[in-house]
Amino acid sequence: MAAERFGALPPMGWNSWNTFTWDISEALLRDVADIFVSEGYKAAGYEYIVIDDCWSLKQRDEAGNLVPDPAKFPSGMKALSDYIHAKGLKFGMYSCVGTHTCAGYPGSFEHEFQDAAQFAEWGVDFLKYDYCYKPKQINGALLYKRMSLALKNCGRDILFSACNWGADDVFLWIHETGAHMYRSTLDIQDNWESVKRLAISQLDKACYTGAYRHNDMDMLIVGIYGGSNNGWIGHIQGGCTDTEYKTHFSLWALMGSPLMIGCDVRNANQTAKNILLNRDILAINQDIECRGVYRLEPDWFNTEEVFILVKTLSTGELAIGFFNLSDEQKALSVSFWDLGLPYSSGISLSLYDCWAHEDMGTYQQQAAPIVPAHDCVVVRAKLNKS
Ligand code: GAL
């Protein structure tokens, strides 16, 4: 099979915002690149290292160019991208459709082609493009089309990551603009209520995700444990438990979201690493066909907080996530009939547990795992002819 073009699969990487917000530097990004290689993130498929907002000076130069803040990036962006590329990784940056970014730095409005050329010159591979300070009279889709055209004609492959927080029914029009992924939610916070709220808000949007049109549920909070320097995202929120981070990661992976790590990987504990580097879960997210999940028809247990998601995989297997976001333990049963297996077929399913990394045995007609509160069971189901 031909290698897929960039952007076909949900991008995987790291973004500075969730933990560091304004407190970014070239030293931090170089450290992340080193750790991606030495601690197995690169080998697991994480490749984009992205600086978010607050990287430039507050004014453009006399020629109208964006200027990296020399206190944060004294060697300049080209040197940083060269460092990241030398590790076999990719470099991402951030700008905004409006006159300013959300944190008040210059945005790309009316500078789209100039900025895209500049990003190409710096060796940028990924651009996150925010929605603040959008001139009210101009249609948002048009502004994404502008930057998309600028990027596609800048002479370099740059993955285009739109970020308009799900506003203006973005799922209906973003794909036609040329973006590869699009934020479909408000900003994540490092707490369980936020994970729940974002996941539930996207359950009816699964049909809009797919290759080159990834529904971005926002950067991951796995491993932050309340350690963000931004009170709104993190330290006031207090973080999540390990179980909640596992469920968050499983939801984002199954629902086809890009997987952009948001914690300080320099200090990630072993549990966070085990979650982020779980190859069985990553394989579901990175399945070549990128199908959206479907939610099993309402059953007696099926509520807004308790549900089963199924993803059809290119291998003919099914990925099945049993999610219990409620505060009490539940048994969640799936009838194989509802997966498209008539009882008359005699087909059984061999289940493999993607968190325990072990076979669960062969099941006829139904399976009903017990799922503790805030937890999930994710299986890969293989069909066996009788
Ligand atoms: C928000 C965006 C965040 C982050 C922030 C930077 O609009 O959703 O992910 O990029 O701006 O100011």
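Bear in mind these aren't lab numbers, they're just calculated from the coordinates by the rules spelled out. Keep in mind that this is a model prediction, so the values were computed, not measured. In this analysis, Cβ positions are derived from the backbone assuming ideal geometry, glycine residues included, and neighbour counts consider all displayed protein chains.
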**Item:** 9 Å beta-carbon shell around Ser16, net charge (K/R +1, D/E -1)
**Value:** -3
**Prompt:** Going by Cβ distance under 4.7 Å, what cysteines of the chain have no possible disulfide partner?
**Reply:** Cys54, Cys96, Cys154, Cys163, Cys207, Cys240, Cys263, Cys290, Cys354, Cys376
**Complete:** Once the dipole of the range 210-292 is set up from charges on Cβ (+1 Lys and Arg, -1 Asp and Glu), the residue from the list Tyr225, Leu254, Asn278 lying farthest towards its positive end is Asn278
**Message:** Looking at the range 1-111 only, what percent of DSSP beta bridges run antiparallel? Nearest 5 please.
**Reply:** 25 percent
**Request:** State to the nearest 20 debye the size of the charge dipole of the range 6-71 about its Cα centre, where the only charges are +1 on K and R beta carbons and -1 on D and E beta carbons.
**Result:** 160 debye
**Message:** How big is the dipole moment of the range 29-120 about its Cα centre under a simple scheme where the beta carbon of each Lys and Arg is +1, that of each Asp and Glu is -1, and everything else is neutral? Debye, nearest 20, please.
**Reply:** 200 debye
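As a check on your grasp of the helix formula, calculate [θ] at 222 nm for the chain: sum -39500 (n - 2.57) over DSSP H runs of n ≥ 4, divide by the residue count, round to the nearest 500.
Only helices count here, giving -7500 deg cm²/dmol.
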**Fill in**
Whole-Hz Karplus couplings 3J(HN,Hα) for the range 171-187, θ = phi - 60° and coefficients 6.51, -1.76, 1.60, Gly and Pro as x, run 4, 7, 10, 5, 4, 5, 6, x, 5, 8, 8, 8, 5, 10, 9, 5, 5
**Dipole axis of the range 9-161 (+1 Lys, Arg; -1 Asp, Glu on Cβ), positive-most option in Leu143, His111, Leu28** = Leu143
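Quote the relative contact order of the range 1-86 in percent (integer), defining contacts as alpha-carbon pairs under 8 Å separated by 6+ residues. Don't skip to the end; give the middle numbers.
Values: 79 pairs, mean separation 28.1, N = 86.
Normalised by residue count, the contact order of the range 1-86 is 33 percent.
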**Item:** Positive-end extreme of charge dipole, the range 198-279 - chosen from Thr243, Asn269, Gln202 (charges on Cβ)
**Value:** Asn269
**Item:** Rel. contact order, % - alpha carbon contacts under 8 angstrom, at least six apart, the chain
**Value:** 14 percent
**Asked** How high is the relative contact order of the range 297-352, given as a whole-number percent (alpha carbon pairs under 8 Å, six or more residues apart)?
**Response** 26 percent
**Request:** Any of Lys246/Lys330; Lys330/Lys382; Lys90/Lys196; Lys90/Lys128; Lys90/Lys205; Lys87/Lys145 with alpha carbons more than 21 Å apart? Name them for me.
**Result:** Lys330/Lys382; Lys90/Lys196; Lys90/Lys205; Lys87/Lys145
**Complete:** Distance in Å, no decimals, from the C-alpha centre of the range 139-191 to the one of the range 14-43 is 23 Å
**Whole-Hz ³J(HN,Hα) from phi, Karplus 6.51 cos²θ - 1.76 cosθ + 1.60, for the range 190-195, glycine and proline x** = 7, 7, 5, 4, 5, 4
**Prompt:** Roughly how tilted is helix 242-254, in degrees to the nearest 10 and between 0 and 90, from the longest Cα axis of the chain?
**Reply:** 80 degrees
**Fill in**
With x for Gly and Pro, the residue-by-residue ³J(HN,Hα) of the range 329-343, computed from phi through the Karplus equation 6.51 cos²θ - 1.76 cosθ + 1.60 at θ = phi - 60° and given in whole Hz, is 4, 9, 9, 10, 10, 10, 8, 5, 3, 6, 8, x, 10, x, 4
**Request:** Could you size up the charge dipole of the chain around its Cα centre, putting +1 on the beta carbon of Lys and Arg and -1 on that of Asp and Glu, and report it in debye to the nearest 20?
**Result:** 680 debye
**Asked** Using alpha carbon centroids, what distance separates the range 358-386 and the range 308-354, in Å?
**Response** 6 Å
